[in-house]
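Visitor: One structure, pasted below without further comment.
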Amino acid sequence: MTQERTDGRSVLREQRHVAILAAARRLAAGSGAEGFTVDQVAVEAGVSRRTVFNHFATFEALLVAVCEEILEDVAGQVVDHLEEHLQKLPQEAEPARVLDCLCVAVQEADLPRAIAEIHGSLGGVEEERRRTQSIFQAALDRVGDRLTAKIAGHAPELDPVGLRLSVAFLMNGVGVIAVLWLKENAVPVTAGSRDAWNTYMTRLLDQLAHGYGHLGRVSGAGQGRPAR
């Protein structure tokens, strides 16, 4: 009987957690992060304000969770692609080849769609953009932890520090190019904006592979592309 009550409480807690996240995501999509309050989330989810804070310590933590949920589908894509590519590697493959699999998997995922949705949900006025970027980066870091664990499980012989540094560089780079991409491309995502995203991703992965020694010069003020 005690076990049944414990299981019932666990199910109820999970249901409330899902309801709170869904409510916050709906409200964010409709009005942005600055357009709703914890009290509105509680009403929308059918729970008390206290229950919201029992699941998320702060409003910021709730917004990070919303970002993570938006990224969850694309993170699943990355993991699926990563597993597919890792399975094709020979045993004891060179570390660089393992990281190549990660880079290809990230490039194959539909990150532009997720970033556009996060921008629509959390993108606020100019002074809020730094806060929004911090929330987005925190969610990306959580995705990076998941990818690191996946690679480490497949190739435990890899240097753990080098692996963590490489994944952190990649995830932080995605955050940087997301900001640049959003400044230059309107949402929703178009074929042209996807091409622009792919160009930025190619540069990011190239610099990850070759380091700062491969850095080019700009062709003029404000230009982000290397001179030819």
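What follows is calculated from the coordinates using simple rules that are stated; it is not laboratory data. Source: prediction; values computed, not measured. A quick note on method: Cβ atoms are made from the backbone with ideal geometry, for glycine too, and the neighbour counts reach across all protein chains shown.
Visitor: Any chance you could give the angle, 0 to 90 degrees and rounded to 10, that helix 191-210 forms with the longest Cα principal axis of the chain?
Guide: Taking the Cα atoms of the chain, the angle to 191-210 is about 70 degrees.
Visitor: From the square roots a ≥ b ≥ c of the eigenvalues of the alpha-carbon gyration tensor of the chain, which class results: rounded (a/c under 1.5), prolate (a/b over b/c), or oblate?
Guide: The shape class here is oblate.
Visitor: Tabulate in residue order the Karplus-calculated ³J(HN,Hα) for region 137-144, using 6.51 cos²θ - 1.76 cosθ + 1.60 with θ = phi - 60°, rounded to whole Hz; enter x for Gly and Pro.
Guide: 5, 4, 5, 4, 4, 5, 4, x
Visitor: What's the magnitude of the charge dipole for the chain around its Cα centre, counting Lys and Arg as +1 and Asp and Glu as -1 at the beta-carbon? Answer in Debye, nearest 20.
Guide: 500
Visitor: Comparing PHE136, PHE53, PHE169, which has the greatest mean-square fluctuation in the GNM of the chain with Cα pairs linked when under 10 Å apart?
Guide: Result: PHE53 has the largest fluctuation of those listed.
Visitor: If I fit a long axis through the Cα atoms of helix 2-31 and take the longest principal axis of the Cα atoms of the chain, what angle between them do I get, 0 to 90°, rounded to 10?
Guide: 60
Visitor: Given the options VAL167, VAL79, VAL187, which has the most mean-square fluctuation in a GNM of the chain, springs set between C-alpha atoms less than 10 angstrom apart?
Guide: Residue with maximal mean-square fluctuation among VAL167, VAL79, VAL187: VAL187.
Visitor: Top mean-square fluctuation among GLU184, GLU60, GLU34, Gaussian network model of the chain, C-alpha springs under 10 Å?
Guide: GLU184
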